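A short worksheet on the structure shown next.
What follows is calculated from the coordinates using simple rules that are stated; it is not laboratory data. Keep in mind the model is a prediction, meaning the values are calculated, not measured. Heads up, the Cβs are rebuilt from the backbone with ideal geometry, glycines too, and the neighbour counts pull from every protein chain shown.
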Amino acid sequence: MAARKNTGRESARPTKDVNWVLVDNMLAAGCIGTEIAAELGMHPDTFYRKVEEEKGVGFTVYHSQMTSKGEGLLKVAQYAKAIGRTKGGDTQLLMFLGKVRLKQREHEENVTSPLDANLNFADAYIKSENERAQMAQELQALREELNALKPKTDPVIQRSDEEIQHMGGSSQIG
């Protein structure tokens, strides 16, 4: 039976020993505190308190230290595999853990998806610019046609146009 901790309470539970090698390995593997506490058969709060008492830091700091150690071990394993120091291990699993734990990614080319909102906007802009250019051409053609018709208009209408311009207005169309 484990030794009892004297807390001043008569019904104090016996203290549970913590297997720190197991804890460190589980943290390095990426386990969270509640998973480790369950493995040790204790309440998470009890586990967190034991980390503070025995390691002298809060669980968050300790977790970060051990997780970083695990990530370093993954990098070492990847490197050893890459340069041929080891033939063992699972290459696919090393790649998977690299992507998940170490946020490693292959360089992606700048490829645009057909569903990309920017692409849709660019297409709409190009179409609107093409339509604008076409409308400008049609307007220019109409102006030229109108100017070609002006000399053929009735002199009375032309005189009226001149009078309007003389009064400060404009009768030009287009």
Name the lysines eligible as straight-distance cross-link partners of K69: C-alpha to C-alpha under 27 Å, and not fewer than 8 places from it in the same chain.
K16, K50, K55, K81, K87, K99, K103
How much net charge surrounds T34 when only other residues with a Cβ under 15 Å from its Cβ are counted (Lys, Arg +1; Asp, Glu -1)?
-1
Taking all pairs of different Cα atoms in region 20-101, averaging 1/r and flipping that mean, what Kirkwood radius in angstroms comes out?
13.9
Tally Lys/Arg at +1 and Asp/Glu at -1 over every other residue whose Cβ is under 12 Å from the Cβ of L94; what's the total?
+3
